[in-house]
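Notes follow once the structure below has been shown.
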Amino acid sequence: MEGETRGEDRAFEAIVKGVAEELGLQREECPVVGTVDPCAIVIVGASGDLTGRKLLPALFELYRNGGLPVDFSIVGCARTGWRDEEFRTHAKKSLKEAGKYDRLKWSGFAPHLHYTAMDYEDLPSFEKLAGTLRKLDKKHGTSGNRIFYLAIPPQLYETAAQMLGKADLSAENKEGSGWVRIVVEKPFGRDLETAVALDRTIHEHFGEHQIFRIDHYLAKETVQNLLMFRFANAIFEPIWNRRYIDYVSITAAETLGVEHRAGYYEQSGVLRDMFQNHMMQLLALTAMEPPSLFEADLVRDEKAKLYRALRPFQAENLANQIVLGQYDRGTIDGKPVPGYREEPDVSPQSLTPTYASMKVFVDNWRWQGVPFYLTSGKRLRAKKTEIAIQYKEVPHSMFRQTLGEHISANRLILGIYPEEKITLTFQTKNPGARVCLRSVTMDFNYLQGYEGPALDAYEKVLLDVMLGDHMLFWRQDGVELCWSFLTPILQGCETCDNREEMLLPYEAGSRGPEGAKRVRKKQS
């Protein structure tokens, strides 16, 4: 048995080495860490936008770079009445639109694509899928290992999970089956009550170890690098606290409007769409305490502690803690764009916020009194995601006679998009006879000096699901803690008498509503 295992390991190493040599990489640059088991990847909702724009290109890139197992199948499921060849045609078109198509690699990838039409509320459809998967296990050697990716509207998550369970597709290690994993996209409910109900339904048929609650922001390279930056370097962590930091600003700005997602966005708004998941994760990675080991549950334990320390909002003082906005007509990249209420499928009287800026406090020893400004919005001036650490000014200016009392404070910026980089701004003397300061910046580009393949967010999360690694996925206690924090804010904003007055208009292509300044310090 031990000899067989060593033989399998050598075979895997040979495969990886071959892929690396083909790509011109060193072994350590190969994107695969650990053995990827043979598996069938089932995309429920395969005719939808997420599958075409993100999942199929990510799976194809993994295939090109040796990230998929040798034995795999990809099975699309949706209401659309396609056959295998039509699904393959759709996939090929999606790859070309994403700029990922490779004719030589496609010929090896396409035979692994299959399709079965289904009704998400029809048990016989899922029983038919079960039969299809058993046949494909034999054809492709996938050993009964299965991933079910729910790329469907959130209101169908519970139905799909129930149908998978009733069709006996959630059971692990039964005759002819291996491991089974289910991937759930955000949002995880609309509030605390619905999040708990969704979790209860999924757990009727799936164990916690089988559930992967995806947040693709966590898989962005610079987001992952935040923990390494903080805890693998001795110079930053000692000054990562209330004694040295004035405030922290976390921004996720978009230039796009609601686009084709009005049906979803009208029911969610910016708080449910961005804050419950992406913004809370960025906050946790910025402010959490160091875990004892870099292991999934230990990291998520520290995130949960951080969420428990969030100071509750005061319902009677919401206006000084949060600003909501909605975009009007404006100009983006020199082109006129409509206002939110003029978008297709949006109510002309809609009170759905497309912008939010809130001031959050973490009541613990490290961060007491330090404000965290969380801002996200659509149709803003530039697409930008970054975390800015603003340090305090020097406590005493020895240069007051020549420079005055004020010296610009240091600022550390962790850029996530569009540039993945870290910049540190500090003061230095200007060349010349006079004593005067200038702000200079040290830059580090994240991909500088690296020539290997860079996984995008969906490639990384798909690979981690195949490996069974929960590090970059939500745990249910974190989901519920974030909803516990945000639900009172949502209720306060959505039920208050002056709801329309709270929703400030802002011109598309601007920095957001002017009123946002009331919850923020001046930021240079």
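The values are calculated or read from the model by the stated rules, or taken from the named source; none is laboratory data. Quantities reported herein were computed from a predicted structural model and do not represent experimental measurements. Backbone-built Cβ (ideal geometry, glycine too); neighbour counts: all protein chains shown.
Taking the conditions (1) surrounded by fewer than 14 Cβ atoms within 10 Å (Cβ to Cβ); (2) in contact with a strand residue (DSSP E or B) (Cβ under 8 Å, 6 or more places away or on another chain); (3) within 24 Å of residue 387 (Cα to Cα) in turn, residue 249 satisfies each one other than (1). If you go through the stretch 407-420 and keep only what is of a type outside the set (Lys, Arg), part of a strand (DSSP E or B) and touching a Leu at 6+ places or on another chain (Cβ under 9 Å), you end up with 412, 413, 414, 416. As a summary of the residue check, residue 286 satisfies the conditions (1) under 24 Å from the mean Cα position of the chain (by Cα); (2) in a loop (DSSP other than H, G, I, E, B) except for the one numbered (2). May I ask you to verify whether residue 91 is in contact (Cβ under 8 Å) with a residue 24 or more places away in the chain, farther than 24 Å from residue 61 by Cα, in a helix (DSSP H, G or I) and of a type in the set (A, V, I, L, M)? Considered against the rule, which asks whether it is in contact (Cβ under 8 Å) with a residue 24 or more places away in the chain, farther than 24 Å from residue 61 by Cα, in a helix (DSSP H, G or I) and of a type in the set (A, V, I, L, M), residue 91 comes out as no. Residues in the stretch 462-517 that are assigned to a loop (DSSP other than H, G, I, E, B) and of a type in the set (A, V, I, L, M): 471, 472.
Among the residues of the stretch 119-146, those that are among the hydrophobic types (A, V, I, L, M, F, W, C) and within 31 Å of the chain's Cα centre (by Cα) comprise 126, 129, 130, 133. Quick check on the stretch 421-430. Is at least one of its residues assigned to a loop (DSSP other than H, G, I, E, B), buried (at least 16 other Cβ atoms within 10 Å of the Cβ) and not acidic (Asp, Glu)? No, the stretch 421-430 has no match at all.
Of all residues in the stretch 498-522, those that are within 21 Å of residue 250 (Cα to Cα) and among the aromatic types (Phe, Trp, Tyr) have Cβ atoms under 6 Å from Cβ atoms of residues that are assigned to a loop (DSSP other than H, G, I, E, B) and at pLDDT 80 or above, 6 or more apart or on another chain, in 506/512; 506/513. Within the stretch 95-103, is even one residue more than 22 Å from residue 136 (Cα to Cα), surrounded by 18 or more Cβ atoms within 10 Å (Cβ to Cβ) and at pLDDT 95 or above? The answer is yes, given that some residue of the stretch 95-103 is more than 22 Å from residue 136 (Cα to Cα), surrounded by 18 or more Cβ atoms within 10 Å (Cβ to Cβ) and at pLDDT 95 or above. For the stretch 331-346, the set of residues classified as part of a loop (DSSP other than H, G, I, E, B) and of a type in the set (Val, Ile, Thr) consists of 346 only. Whenever a residue of the stretch 139-161 is on the phi < 0 side of the Ramachandran plot, its partners that are in a strand (DSSP E or B) and among the charged types (D, E, K, R), lying with C-beta atoms within less than 7 angstrom and at least six residues away or across chains, give the pairs 147/181.
Put simply, of 190, 200, 181 the only residue that is of a type in the set (Lys, Arg), outside any helix (DSSP H, G or I) and farther than 20 Å from residue 125 by Cα is 190. Take the conditions (1) farther than 23 Å from residue 381 by Cα; (2) modelled with pLDDT under 90; residue 418 misses just one of them, which is (1).
Note on the stretch 444-466: residues that are within 16 Å of residue 182 (Cα to Cα) and either free of Cβ contacts under 8 Å to residues at least 12 places away in the same chain or surrounded by fewer than 16 Cβ atoms within 10 Å (Cβ to Cβ) (or both) amount to 0.
Within the stretch 47-88, the set of residues being closer than 25 Å to residue 154 by Cβ, assigned to a helix (DSSP H, G or I) and in contact with a helix residue (DSSP H, G or I) (Cβ under 8 Å, 6 or more places away or on another chain) comprises 51, 52, 53, 54, 55, 56, 57, 58, 59. Exactly one residue out of 123, 113 is surrounded by 14 or more Cβ atoms within 10 Å (Cβ to Cβ) and touching a residue at least 24 places away in the same chain (Cβ under 8 Å), and it is 113.
The sole residue among 212, 206 that is surrounded by 17 or more Cβ atoms within 10 Å (Cβ to Cβ) and in contact with a Phe, Trp or Tyr (Cβ under 6 Å, 6 or more places away or on another chain) is 212.
Per the listing 276, 224, 281, the residue uniquely surrounded by fewer than 19 Cβ atoms within 10 Å (Cβ to Cβ) and of a type in the set (S, T, N, Q) is 224. In the stretch 52-84, the residue that is nearest to residue 140 (Cα to Cα) out of those that are among the hydrophobic types (A, V, I, L, M, F, W, C) and in contact with an Asp or Glu (Cβ under 6 Å, 6 or more places away or on another chain) is 62.
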